[in-house]
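The structure under discussion appears below in the form of C-alpha cells.
The values are calculated or read from the model by the stated rules, or taken from the named source; none is laboratory data. A quick note: this is a predicted structure, and the numbers were derived from the prediction, not measured. In this analysis, Cβ positions are derived from the backbone assuming ideal geometry, glycine residues included, and neighbour counts consider all displayed protein chains.
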Amino acid sequence: MGKILFQVLAALILQYNVMMQGMTQCVPSTTMLLFKSENTTLDRPMTLTESSLFASLSKIGSLLSTPVLGYLLDSLGRKRCAVMLSSLRVGFWIVLVFTRKVEVILFSVFLAGLSSPTFLVVTIFVSEISQESIRGTLSSCTNVSYNLGFFVGFLFGGFLEYQMMVYLGTMMAMSGLLMLLIVKESPMILMKKGLEKEAAKSMAFYKNSIPESKVIQDDLETIRRALTPHYQEVAQEEEKNAAELKEIVHPKKLSKLEFIKQSESTQRAFYLNLFLLSSAIFQGLIVVLTYAKPLFHESVTEDVLSSTWCCVLLSAVVVLAGFVGAYLTDMAGRRTLMISATIATGFFNLALGFQIHLGWGPPWTTAVLVYLLCIAYTAGPGNVPFVLLGEMFLPEIRCITSTVLIEWTSLCTFTCLFLYNPLVTVIGLGPVFYIFASVSFVTAAVCVFALPETKGKTIDAIQMLFVKQKNSVLA
C-alpha cells in the first residue's frame, strides 16, 4: 500500500477537480425550471432558445479550449494545465455570485465550458502516474468523480437556495484549485523535457521511494524507452508485420502526424476510440443527466416522487454504479464489461422508450428504468471508452490523439443536447429513447468484432493488438 499511497492521493486530488467539473455541468439541470419560470432569480425568465443555449453552450467553450489544451499539455505540463482550468472554473462560480443578467449567466456557462478539458487532463495525468496494477481502477474513478459532481450538484440545487448553492460552489472550486498546488508534475512530461532529475524526484514521490533507488531508475528507463525512439520503432515493426522481432534500425525522426499516418495500429486504435466515444454520447445518459429535473417532472407525478428527490437518487445511483464499473474494469476486463453493459443499456433504453411512449407500467416504472439505464451505462459505455483513451496510445502522440477525440466528443455532446428539445417536440420523448437503444445495440455488435482486451497490458502489448495480421478480426 505504501508504494501506491501517493499515487492514490494525487489521483483523488485531481479527481476532486473532475468532480467540481461535474457539479458545474449540473447547474443548468438544477436551475433550468427556475430560470424559465416567472419566479426566476434572474432579471427576466429565459426564452426557449436561451434555455437550449444554457444547457449546451458549455460544449462550445469545450470545443474551443480543447485544441488549445492539447498543445499546452506538452508545453506547460499536466499540472499547470490543471491549475489553469481550475482557475476558469472558479471564475464561473464567482460570476454566478455577482450577476443576475441572463446574458451574463449564458457567458458564465461558456466560461465553464472552457474548463471542460479538465477531464482530458486528469485522464492523461492519472494514467501516467499510476502503475499498471491500479491504472484501470484509478482511471475509471475519473468517471466516478464526474458523476459524483452531479450528485453533489443535485443535492445543492434541490435542497439549497440558489444563493447558498453558488457560495458553496465557489468555496469548493477554490479548494480544488489550492489542493492542486501540492501535486507533483507527471514524470513522463518531465522526461520529455529532458528534466531527468526532476522526473526522478516526481517518480520517487509517487512511488514513496528515493530518486536514487533501483526501482525509480528502472521506471525512468522504462519511460525513456517509451518516448520518441520507441514510437518510431512501432511504425517500423508494423512494416515488418510485427511478427518477427529483429534488431531495429532507427529511421529518421518522424513528426507526430507523420507517425500517425504511417502507423496502422495507431489509426485502428484511433478509429475504434472515435466510434466508442461517439456512440457513448448518443446512448442517453448525457441527456438524462442534463435534463434530469425536467424529464422527471414530465414523466413522474409529484404524488409518486418529487422531481428533486428523483434527481438526487439518480445521481446517487450513477455514483454507486461508477464504483462498480471501476472495480469491474480491472476484474472482468474492458471488453467483457463493455459488451455486456452496452447490451443492457440498449435494453433499458428500449424499455424506457416504450414506457414513456405507451405507458405500459405505473408511473414509478419510469424512474426505475431511468435508474437501471444509468447503472448499465455508467458501468460500461460511460466508463470503458475513457479508460481506453488513456492507455491505447503511445506517450509521444497521446496528447494529440486524446485532444482530437475529446474535441469530437464535445461536438457530439453539444449536438445531442441541442437537438434533444426539437426532437422531443417533433417525435416525442419516447421515440428519442428508441434512437438511443439502436445506438447501444450497434455499439455492442462492433465491440464483439473489433474491441480487443487491454486489461493488465503494457502500451507495447496494446499497440500490438492493433497490428494487422492474417486471420485477425481487426485486419
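Worth a mention:
- Residue list for segment 356-390, restricted to those being surrounded by 22 or more Cβ atoms within 10 Å (Cβ to Cβ), part of a loop (DSSP other than H, G, I, E, B) and either in contact with a Ser or Thr (Cβ under 8 Å, 6 or more places away or on another chain) or among the aliphatic types (A, V, I, L, M) (or both): Gly380, Pro381, Asn383, Gly390
- Looking across segment 418-461 at every residue that is among the polar types (S, T, N, Q) and not in a helix (DSSP H, G or I), the one that is surrounded by the fewest Cβ atoms within 10 Å (Cβ to Cβ) is identified as Thr458.
- Yes/no for Phe393 being outside any helix (DSSP H, G or I) and within 22 Å of Phe125 (Cα to Cα): yes
- Screening Thr415 with (1) touching a helix residue (DSSP H, G or I) at 6+ places or on another chain (Cβ under 7 Å); (2) surrounded by fewer than 24 Cβ atoms within 10 Å (Cβ to Cβ); (3) among the polar types (S, T, N, Q) gives one miss only, at (1).
- All conditions but one from (1) modelled with pLDDT of 85 or more; (2) over 20 Å from Ala82 (Cβ atoms); (3) assigned to a helix (DSSP H, G or I) apply to Arg44; the one that does not is (3).
- Tally, over segment 3-33, of residues that are crowded, with 24+ Cβ neighbours inside 10 Å and among the aromatic types (Phe, Trp, Tyr): 0
- Boolean, Phe354 is in contact with a Gly (Cβ under 8 Å, 6 or more places away or on another chain), of a type outside the set (Ser, Thr, Tyr), in the same structural domain as Cys311 (by TED's automatic domain parsing) and over 30 Å from Thr49 (Cβ atoms): yes
- Of all residues in segment 116-133, those satisfying the criterion of being β-branched (Val, Ile, Thr) and either in the same structural domain as Glu396 (by TED's automatic domain parsing) or more than 30 Å from Phe35 (Cα to Cα) (or both) are Val121, Val122, Thr123, Ile124, Val126, Ile129.
- In summary, helices (runs of 4 or more DSSP H) completely within segment 169-274 and bearing 1 or more residues that are surrounded by fewer than 17 Cβ atoms within 10 Å (Cβ to Cβ) and at pLDDT 85 or above occur at 196-207.
- Listed by first and then second residue, the pairs linking a residue in segment 2-19 that is farther than 14 Å from Thr118 by Cα to a residue that is among the small types (Gly, Ala, Ser) and in a helix (DSSP H, G or I), with Cβ atoms under 9 Å apart and 6 or more places separating them unless they lie on different chains, are Ile4/Ser133.
- Residue check for Gln25: touching a helix residue (DSSP H, G or I) at 6+ places or on another chain (Cβ under 9 Å), at pLDDT below 90 and not basic (Lys, Arg): yes
- From the options Gly158, Gly113, Gly136, Gly77, residue that is outside the structural domain of Phe418 (by TED's automatic domain parsing), at positive phi and crowded, with 18+ Cβ neighbours inside 10 Å: Gly77
- Scanning segment 125-138 for residues that are at pLDDT 80 or above and either of a type in the set (Gly, Ala, Ser) or in contact with a Lys or Arg (Cβ under 6 Å, 6 or more places away or on another chain) (or both) returns Phe125, Ser127, Ser130.
Yes/no matrix, rows are residues, columns are (1) farther than 21 Å from Thr401 by Cβ; (2) crowded, with 24+ Cβ neighbours inside 10 Å; (3) more than 15 Å from the chain's Cα centre (by Cα):
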residue	(1), (2), (3)
Thr66	no, yes, no
Tyr71	no, no, yes
Ser87	yes, no, yes
Arg100	yes, no, yes
Val121	no, yes, no
